[in-house]
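A quick write-up on the structure given underneath.
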Amino acid sequence: MKQAGLRIGILALVVLMAGCEGRKPSVRAFSAEATNSSFQTWLGKWDGPEGTYLVLSRAPSTNYDKYLVEIRDLDGSKTFEGVSSGDRILFTRNGNPESIHAGNGEQAGMKWLLDKKHCLVIKQGEGFCRD
């Protein structure tokens with residue numbers, strides 16, 4: 001009885017492997033371009049309160065996961081290199097790790113943005129919106 005079960009298991013494995021022979025996995029499904037295509041809508045300028053803004057652009061490289069993050073705050077404008085990771089763009093500012101993620105005005109935690117729906121949020125009290 002055990003041998004019959006083992007034989008059936010081996011036969012099933014052989015049939016499955018034969019069915020996959022000659023097929024190549026889809027490379028596009030796992031490419032950086034495919035996984036980061038949602039960041040395409042993030043590119044451009046996002047406005048904050050009192051003249052602040054965030055500009056997100058592609059870094060001048062061949063890597064699809066590299067970005068330039070320009071942040072204008074009340075002290076001036078600074079640019080950082082970012083990299084996509086999951087649903088965020090990670091960057092380092094003043095030696096501290098930061099991240100940008102999609103959100104809304106309420107998540108940004110700023111009274112000027114409360115009614116906004118399409119925002120990029122760095123942290124509570126620092127967000128930029130388009131609507």
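Laboratory data are not the source of any read-out in this text; all were calculated from the coordinates shown. For clarity, every value in this text was computed on a predicted model and none was experimentally measured. Note: ideal-geometry Cβ built from the backbone for every residue, glycine included; neighbour counts use all protein chains shown.
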Residue in region 75-103 that is surrounded by the most Cβ atoms within 10 Å (Cβ to Cβ), counting only those that are farther than 12 Å from Leu120 by Cβ and of a type in the set (Ser, Thr, Tyr): Ser84
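Tally the residues that are among the polar types (S, T, N, Q) and either in a strand (DSSP E or B) or touching a residue at least 60 places away in the same chain (Cβ under 8 Å) (or both), restricting the search to region 47-102.
Result for region 47-102: 9.
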Lone qualifier among Glu70, Glu106 - being of a type in the set (Asp, Glu), surrounded by fewer than 18 Cβ atoms within 10 Å (Cβ to Cβ) and more than 16 Å from Gly44 (Cβ to Cβ): Glu106
